[in-house]
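The values are calculated or read from the model by the stated rules, or taken from the named source; none is laboratory data. Please read all numbers here as calculations on a predicted model, not as lab measurements. Methodologically, a virtual Cβ is constructed for each residue, glycine included, from the backbone with ideal geometry; neighbour enumeration extends over all protein chains shown. With ligands, DNA and RNA removed, areas are computed over all heavy atoms of the protein, side chains included. Shrake-Rupley method; radii C 1.70, N 1.55, O 1.52, S 1.80 Å.
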Amino acid sequence: MKKQHVVDLILKTTRSDLKNAGSAFAPINIALCKYWGKRDTELNLPVTPSLSVSLQPLGTTTHITIAGGQDQVYLNGECKDSSSEFYKRISLFLSMFRPDADTFFTVRTENNVPTAAGLASSASGFAALVFALNDLFSWDLSRRYLSVLARLGSGSACRSVYQGFVKWRQGELSNGSDSYAEALNYTWPDLRIGVIEIATSEKCTSSRDAMKRTVDTSILYHAWPDKVERDMNLLIDAIKARDFEVLGRVSESNALAMHATMMDSWPPVIYWVPETVKTIHKIQEMRHSGIPIYFTIDAGPNIKILFLAEHEQQVRQSCSALTVLSPFAMNP
Ligand code: PMV
């Protein structure tokens, strides 16, 4: 099934009343249990469920209006060339929502996270774009539909339509209508996430290509669905019980298993740089010295750490280039 068909099915259920402008914010999210591997590459349907935590105030703010002639795309104030990958991805996505072939959009998008450095700005980007379109056309769509539309832009974007802990159900249907994110109604005010920025340059292999290569060539990937099933259950129980040791251990083990499947692919995908490995060793040393601190890594070299508020000072002293986030500061 094509993306356009899914969009048409959803928009058929709602009215459309074009305003002058639409705008919205969506947070980035990091997965504690990763989405890795698609069962449908057109609709970004995953092989397994995944679980994330949204990291407001980091994210994307998007403003959209109708334009004449052709789409205009601005990223952090810079007008993107129509030949750039960023422009093409946005413009292609917008094409599914044009009321007619002569309608174009001006999109101004501001990221307060480095673009394409493994900090998932494509997730907040597509979620904010879908929210902004919902505002521009006054669709008034439910979160479930907005999550499905965001998934068509980038899989993990379906989780960025919520704050806090979020589960993405993998679904079974071929049209993907049962593959959407849901908020888990649990909070954890003392949970801290640190983002250690190791590199901000664009990554060499996209997560789309790396996932495909893993699914096509990795033998280890065969064990991934079982690993995810176990980790999802452990993580949800840990969140409910606020058991930090289990949350940290399972998140770290899940990220390492995902990277193991990539490294087992051919040609291998290795996102880590020397500084990534150095930081992993440092975190292990800190743990051995008694500080409960764990890490996770997405499709890039940067490291995100998990710890509790009571250890914030010690962690700040030990880690440079660190941004500390309190995901539940706004809804304790
Ligand atoms: O949504 P994508 O295609 O950018 O893939 C994201 C993949 C990971 O960040 C590595 C894992 C995840 O669940 O976010």
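Solvent-accessible area per residue for the stretch 1-143 at a 1.4 Å probe radius, Å²?
On a per-residue basis, the stretch 1-143 sits at 40 Å².
What residue among Gln314, Gln170, Gln56 has the largest mean-square fluctuation in a Gaussian network model of the chain, using Cα springs under 10 Å?
Between Gln314, Gln170, Gln56, it is Gln314 that shows the largest mean-square fluctuation.
What nm distance separates the two modelled labels at Gln317 and Asn233, each placed 7 Å from Cα along Cα→Cβ?
The answer from the label model is 4.1 nm.
Over the chain, what is the percentage of antiparallel beta bridges among all DSSP beta bridges, to the nearest 5?
90
Based on Cβ point charges of +1 for Lys and Arg and -1 for Asp and Glu, what charge dipole magnitude is obtained for the stretch 200-276 about its Cα centre, in debye rounded to the nearest 20?
That gives the stretch 200-276 a dipole magnitude of about 140 debye.
Using unit Cβ charges (K, R positive; D, E negative) and no other charged atoms, how large, in debye to the nearest 20, is the dipole of the chain about its Cα centre?
220
So for the stretch 55-165, Kirkwood radius off the Cα pairs, Stokes-Einstein at 10 °C and 1.306 mPa s: how many µm² s⁻¹?
Reported coefficient: 113 µm²/s.
Using a simple charge model, +1 on the beta-carbon of Lys and Arg, -1 on the beta-carbon of Asp and Glu, nothing else, what dipole does the stretch 134-222 show about its Cα centre, in debye to the nearest 20?
140
What are the semi-axes of the equivalent ellipsoid for the stretch 118-188, taken as the square roots of 5 times the Cα gyration tensor eigenvalues, largest first, in whole Å?
For the stretch 118-188, the semi-axes come out at 17, 15, 13 Å.
Across all directions of projection, what mean area in square nanometres is found for the Cα convex hull of the stretch 207-332? Don't jump to the answer; show the numbers that get you there.
On the way: hull surface 35.3 nm².
With the hull built on Cα positions only, its mean projection is 8.8 nm².
Give me the extension gain from Ser82 to Leu18: residue separation times 0.36 nm, minus the current Cα-Cα distance, reported in nm with one decimal. The partial results should precede the final answer.
Details: separation 64, 0.36 × 64 = 23.04 nm, distance 2.52 nm.
Computed gain between Ser82 and Leu18 is 20.5 nm.
How large is the convex hull of the Cα atoms of the chain per residue, expressed in Å³ as a whole number?
Value for the chain: 132 Å³ per residue.
Using Cα atoms only, what is the angle between the long axis of helix 274-288 and the major principal axis of the chain, expressed in degrees (0 to 90) to the nearest 10?
Orientation of helix 274-288: about 50 degrees from the principal axis.
Of Gln163, Val130, Leu146, which is farthest on the positive side of the dipole of the stretch 126-176, counting Cα position, with +1 on Lys and Arg Cβ, -1 on Asp and Glu Cβ, and the Cα centre as origin?
With unit charges placed on the Cβ atoms, the residue in question is Gln163.
What FRET efficiency do you get for Ala67 and Thr41 if R0 is 35 Å and r is their Cβ-Cβ distance, rounded to the nearest 0.05?
Working: r = 30 Å, r/R0 = 0.87.
FRET efficiency, Ala67 to Thr41: 0.70.
Take the solvent-accessible surface of the protein heavy atoms, probe 1.4 Å, and return the percent of it on the chain that carbon and sulfur atoms account for. Present the calculation step by step, with values, prior to reporting the outcome.
Numbers: 7220 of 14400 Å².
Answer for the chain: carbon and sulfur cover 50 percent of the accessible area.
Highest first, please rank the peptides 100-107, 61-68 by the mean number of other Cβ atoms sitting within 10 Å of their residues.
Packing order, densest peptide first, comes out as 61-68, 100-107.
Of Thr279, Ile64, Leu184, which is farthest on the positive side of the dipole of the chain, counting Cα position, with +1 on Lys and Arg Cβ, -1 on Asp and Glu Cβ, and the Cα centre as origin?
The Cα lying farthest towards the positive end belongs to Leu184.
Whole angstrom only: what separates the Cα centroid of the stretch 143-208 from the Cα centroid of the stretch 1-35?
Value for the Cα centre distance between the two parts: 13 Å.
Based on the Cβ-Cβ distance of Arg208 and Arg242, what FRET efficiency does E = 1/(1 + (r/R0)^6) give at R0 = 35 Å, to the nearest 0.05? Each step should come with its number before you reach the end.
Numbers: r = 35 Å, r/R0 = 1.00.
Rounded to the nearest 0.05, the efficiency is 0.50.
Please state the shape class of the stretch 176-217: rounded when a/c is under 1.5, otherwise prolate if a/b exceeds b/c and oblate if not, all from the C-alpha gyration tensor.
Taking the square roots of the gyration eigenvalues as a ≥ b ≥ c, the stretch 176-217 is oblate.
Of the beta bridges DSSP finds with both residues in the stretch 1-157, what % are antiparallel, to the nearest 5?
Taking every DSSP beta bridge within the stretch 1-157, about 85 percent pair in antiparallel fashion.
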